[in-house]
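Questions regarding the structure given below will be posed in turn.
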Amino acid sequence: MENSSKEEYKIQSFDLETQKLLKTALKDPGSVDLEKVSNVIVDQSLEDQIFSREAGRICYTIVQAEAKQTNGNVFRRNLLNRLQQAFKAREETRKRSTQEWVCLVSFICNIFDYLKVKKLPSVLMHKGIVDCLVLQLHRIGDQLEKMNMQLMDELFNLLRDGFLLQEDLSSMGRLLLLEILEFRAGGWSLSETAQKYYYSEVTD
């Protein structure tokens, strides 16, 4: 029952026309404008913390349905293009709205989580994404955690999964993720020993 209410929320939060668009995309992606669908999902994900944590499942379902129906990847390509644009504007987003920044990070992590079986293109695997995420968590992670502990727990669960399960992640990316996991576990600080270890590895 709980799952069905979550499913209902995902679609019911949109106007009727958009609900119809998303429902059709989930079942018959070849019959709708998939660029429009990806824009709707990304736009909502950057505004709505709950949706940003759940949108990965919708994206995964559409990607799978399109591949099965037409062997295409129009939706995935448009989705990743939009995420790349959002990543390029990350500093403006952070300055404009902490909540929008958290939504963006959450959404990107969910895309990793749900689409990892389909080898993500380099735009999301790029070291810059990990660099950016770790940098921002160093700056404002403790503040974000005070605002929403549950969301931060979910984010770090995804980061832990990414560290353990993401085969394409570079060794430097893994080091950065391990460092931020330890940084939070230490109360948003590193011991002197840990600091020497991580930063000697980075400079080497």
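Given a 1.4 Å probe and every protein chain left where it sits, what share in percent of the accessible area of the range 46-91 is carbon and sulfur?
On the way: 1030 of 2300 Å².
Reported share for carbon and sulfur atoms: 45 percent.
Let me ask something additional. Quick check: with the 1.4 Å probe, what order do 149, 172 take by accessible area, largest first?
149, 172
So, taking all protein chains as they sit and a 1.4 Å probe, how much accessible area belongs to residue 54, in Å² rounded to tens?
So the heavy atoms of residue 54 present about 40 Å² to solvent.
Over the range 55-99, one equal point on each Cα, no solvent: what is log10 I(q)/I(0) by the Debye formula at q = 0.16, 0.19 Å⁻¹?
Log10 I(q)/I(0), no solvent term: -0.54, -0.66.
Moving to a separate point now. Given the pairs 36/68; 36/146; 95/146; 36/88, which span a C-alpha to C-alpha distance of over 28 angstrom in this model?
On the way: 36/68 20 Å; 36/146 36 Å; 95/146 19 Å; 36/88 20 Å.
Result: 36/146 exceed 28 Å.
Same structure, new question: Using only the alpha-carbon atoms, what does the range 131-176 span along each of its principal axes? Please give whole angstrom values in decreasing order.
32, 19, 11
The values are calculated or read from the model by the stated rules, or taken from the named source; none is laboratory data. All values derive from a computational prediction rather than experimental measurement. When the accessible area is computed, the model is the full protein with side chains, heavy atoms only, and any ligands, DNA or RNA have been set aside. Shrake-Rupley method; radii C 1.70, N 1.55, O 1.52, S 1.80 Å.
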